[in-house]
Amino acid sequence: MEIKKQADLIRPAWEERITELLGKMTLDEKIGQLHQVGPSPVGGFAVSLEEHRQMLADGRITQEEFDAFCSGTARDTQEQDVREGHIGSFLGVSGAEACDHLQHIAVEESRLGIPLLFGLDVIHGQHTIFPIPLAESCAWDEALWEKSAAIAAAEAAADGIAWTFAPMVDIARDARWGRIAEGAGEDSYLGARCAAARVRGFQGEDPSAPDRVLSCAKHFIAYGAACGGRDYNNADLSEQTLREVYLPPFSAALAAGAATVMPSFNDVNGVPSSVNTFLLRQILREELGFSGFTVSDANAIAECVIHGAAADRRDAAKQALAAGMDMDMYSGCYRDELKALIEAGQITTAQLDEAVRRVLRIKFAKGLFDHPYTRHRLTAAELAAHRAAARDAACASAVLLKNDGVLPLLLKTPVLLVGKLADCAGEMLGTWNIYGRAEETVSIKAALEEEGVLAGYLPCCGPDMPLDRDELTQAIRSETNTVIAVVGELADHSGEASSLCDIDLPGEQNEMLTALRQAGKTVITVLCNGRPMAIPNAVERSNALLELWHAGSEAGHAAADLLFGRAMPAGRLTATFPYRSGECPLYYDHPNTGRPLSPGRFSSKYLDAPLEPLFPFGSGLTYTTFAYDDLQCTADRQGIHAAVTVKNTGERAAKETVQLYIRDLVASRVRPVLQLAGFRQILLAPGQTERVCLTVEPERLAFYDTRMRRVIEPGDFLIQAGQSSADGLQQTVTVSADLAADYLRQI
Ligand code: GLC
């Protein structure tokens with residue numbers, strides 16, 4: 001994908017000022033720009049913070065014990081280091097007052113007045129929390145993705161934050177990996193569009209605007225390919241797969257102007273990303289033209305020693321800088337080792353200046369030299385609008401997975417509510433929530449109380465609550481036949497360091513559903529979770545199943561809107577739900593193999609799982625039905641065009657996401673059985689039809705051959721247009737050799 005916007009990050013006027021600054025900076029001041037710290041706990045304690053970190057790393061203390069130690073002490077923001085120009089950036093400091101206080105020291109009291117850059121993980125909202133990114137990706141709505149990022153940026157900017165460590169654009173094909181929650185699912189075409197939309201939302205046209213923040217495309221690269229879905233594990237993959245699957249979202253983010261990139265913790269084919277010259281220089285800089293700066297993941301440079309890729313911290317610092325890692329996120333390796341490396345001639349001043357220049361370039365791009373202090377203030381009206389947007393996003397992100405007709409409920413239908421999660425507002429905020437507050441979050445129970453339909457509430461069971469058989473008995477004996485059962489995962493069972501072997505409902509939630517259904521109840525299940533789940537029992541026991549996800553501040557209101565039909569479910573899955581955990585990694589765009597999935601004995605399948613996934617990529621129901629007809633396909637210089645007629649054959653107006661897929665039927669390297677190549681959302685009234693035209697752009701036909709050449713090969717392409725990866729009309733189109741050559745020239 002051609003990079004269009006990166007040039008915006010290089011302005012001659014800035015480069016001249018940077019050259020001038022570099023000429024004045026001491027070695028310590030240059031190294032200071034590459035050093036990012038977090039506020040560290042201080043106070044009289046027997047064991048140092050570093051020792052506590054080591055105790056946590058090797059399991060001598062639990063995370064809870066470590067957190068208690070940190071929270072029990074004051075915070076040291078190393079003000080003297082700021083004054084002496086030894087710190088260039090902070091993570092984890094937030095609030096206009098705190099940021100401006102430190103910024104004042106840097107700008108007014110340091111020798112050169114170089115402003116600080118305040119970074120924070122604003123992943124899906126700052127105070128108004130939106131659905132987790134995986135949920136929002138199921139909206140298939142680029143305007144929505146951009147809007148929620150823009151709202152997060154405005155709230156973060158008002159807190160003095162200039163830079164978010166987002167969007168996370170890692171493609172994830174393995175639901176056991178907890179960080180699947182943070183991205184846009186398994187497909188690189190949709191993931192690329194989502195990445196670009198989020199960068200636009202965070203940065204706007206001009207990232208120096210008071211209500212915008214710099215973005216950070218992460219984690220570069222193939223973090224989601226962790227072996228076994230186990231976080232931080234190695235990623236061993238072909239370069240073809242790296243470029244065809246994992247790179248497109250980063251290309252798109254950079255084309256949208258992403259200011260920074262965060263390399264991933266993992267090694268890629270044996271070389272940790274933090275010291276991977278092939279990734280950081282050849283791909284990121286030379287091929288993609290990236291002109292912003294790279295920031296390591298937390299402590300990742302130091303961890304290259306633990307990887308076994310560096311002999312010691314000094315070796316790690318040398319390799320990282322040489323590979324193209326610009327800023328060190330609080331490992332301290334750059335602060336402690338770069339000066340000696342320069343003085344020993346093991347790294348050059350030119351290498352150091354290159355990294356410092358890129359950091360200063362982005363500080364200029366953010367406008368910090370002209371406006372170092374917090375400028376954006378939020379009004380009550382804006383915050384109210386943000387809440388409304390979060391409610392809309394939660395509705396759009398939800399996916400109706402099953403409905404035997406029980407939904408939508410008639411208004412004022414009395415319901416019995418069960419499930420501990422129904423009353424756990426804080427769990428609705430999901431992973432990577434820092435400043436969202438449970439008391440400002442609408443739980444499902446609170447929303448149903450507002451709705452005036454709650455005939456009763458019995459927790460009965462939860463992800464971390466054993467089945468209360470007395471409460472279950474009360475529920476079964478209740479006169480209210482319609483039960484809304486809220487089940488799922490705790491917020492911290494997805495996200496970082498949260499891989500699972502078993503992705504069925506945790507605890508005894510399945511038993512609760514089974515008992516209710518066997519007692520003859522009408523069971524409407526609402527799922528609150530951070531990953532695709534292998535939940536065949538829950539599906540079987542439910543009359544209806546609504547995937548709400550960890551839906552953020554307005555989760556409860558969105559649930560009520562959807563259950564009572566004020567909002568129409570329109571979400572479509574962006575990650576496959578497996579039938580059983582053991583099928584992971586499971587994704588729709590897989591090769592066919594020579595013995596594809598079939599009931600036949602000798603075919604590629606699991607004997608103890610059905611042939612098809614529980615819910616396929618792109619699937620989702622609504623409160624009406626749609627029919628597709630008359631698919632017509634043609635190919636010309638612009639690409640492969642598909643036209644299809646869609647009709648709303650039901651009783652209610654609804655949004656449909658028309659999905660276009662391709663399959664290259666014969667190629668020099670086998671191609672996936674399907675690949676998403678376009679989508680369009682349309683709104684149809686009952687009985688209304690629309691002729692939808694979509695185009696497969698030439699870019700989407702390209703792949704890397706066995707000699708790593710990017711090619712588009714002539715031949716027959718299967719085109720599918722329909723409701724999901726598993727449901728659509730198909731037609732074959734031939735691309736001639738001339739046309740293929742023309743396509744290749746265009747991309
Ligand atoms: C974490 C995450 C990264 C995050 C960083 C700062 O370990 O891997 O996504 O931005 O540290 O919190």
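The values are calculated or read from the model by the stated rules, or taken from the named source; none is laboratory data. Since we're looking at a predicted model, the values are computed, not measured. Positions of Cβ are backbone-derived with ideal geometry, glycine not excepted, and every protein chain shown enters the neighbour counts. Keep in mind that these areas ignore ligands, DNA and RNA; they rest on the heavy atoms of the full protein, side chains included. Shrake-Rupley method; radii C 1.70, N 1.55, O 1.52, S 1.80 Å.
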* Among the lysines, select those whose C-alpha is under 24 Å from the C-alpha of LYS445, and discard any that sit fewer than 8 residues away in the same chain. => LYS402, LYS412, LYS420, LYS521
* Shape of the chain, Cα gyration tensor, a/c cut at 1.5 -> oblate
* Compute the Cα gyration tensor for segment 574-659, then decide on rounded, prolate or oblate, letting a ≥ b ≥ c be the square roots of its eigenvalues: rounded whenever a/c is under 1.5, prolate when a/b is larger than b/c in the other cases, and oblate in all that remain. => oblate
* Asked: Of the beta bridges DSSP finds with both residues in the chain, what % are antiparallel, to the nearest 5?
  -> 60
* Which length gain, in nm to one decimal place, applies between LEU237 and ASP28 when the Cα-Cα distance is subtracted from 0.36 nm times their residue separation? -> 71.3 nm
* Structure fact -> Which residues qualify? For PHE626, with a placed amide H closer than 5 Å and at least 5 residues away or on another chain, they are THR649
* To do: Quickly work out the GLU449-to-THR645 label distance, labels modelled 7 Å from Cα along the C-beta direction, and quote it in nm with one decimal.
  => 5.3
* Can you work out the FRET efficiency for the pair THR732 and MET708, with r the C-beta to C-beta distance and R0 = 30 Å, to the nearest 0.05? -> 0.55
* Asked: Rounded, prolate or oblate: which fits segment 444-507, taking a ≥ b ≥ c as square roots of the Cα gyration tensor eigenvalues, rounded meaning a/c under 1.5, else prolate when a/b beats b/c?
  -> oblate
* Largest to smallest accessible area among TYR373, TYR588 [probe 1.4 Å] -> TYR373, TYR588
* Could you work out the per residue convex hull volume over the alpha carbons of segment 195-281, in cubic angstrom? => 99
* Asked: If you keep only loop residues by DSSP, which trypsin sites (Lys or Arg not before Pro) in segment 365-440 have at most 14 other Cβ atoms within 10 Å of their Cβ?
  -> ARG375, ARG377, LYS412, ARG437
* To do: Could you calculate the FRET efficiency of GLU439 with GLU205 from 1/(1 + (r/R0)^6), where r is the beta carbon distance between them and R0 is 30 Å, rounded to 0.05?
  => 0.25
* Structure fact -> Log10 I(q)/I(0) at q = 0.14, 0.18 Å⁻¹ for segment 510-660, from Debye over equal alpha-carbon scatterers, is -0.95, -1.27
* **C-alpha center-to-center spacing [segment 501-554, segment 364-430] in angstrom** => 21
* Centroid-to-centroid separation of segment 708-747 and segment 116-130 [C-alpha atoms, Å] -> 40
* Measure of compaction for segment 135-205 (Cα Rg per 2.2 N^0.38 Å) -> 1.11
* **Cα→Cβ-extended label distance, 7 Å offset, between GLU286 and LEU112, nm** => 2.9
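Provide the packing ranking of 570-576, 266-272, i.e. peptides ordered by the mean count of other C-beta atoms within 10 Å per residue, highest first.
The peptides rank, most packed first, as 570-576, 266-272.
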* Asked: For segment 567-581 and segment 212-227, what is the separation of their C-alpha centers, rounded to whole Å?
  -> 23
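Given the -39500 (n - 2.57) contribution per DSSP H run of 4+ residues, what per-residue ellipticity at 222 nm results for the chain, rounded to the nearest 500 deg cm²/dmol?
-8500 deg cm²/dmol
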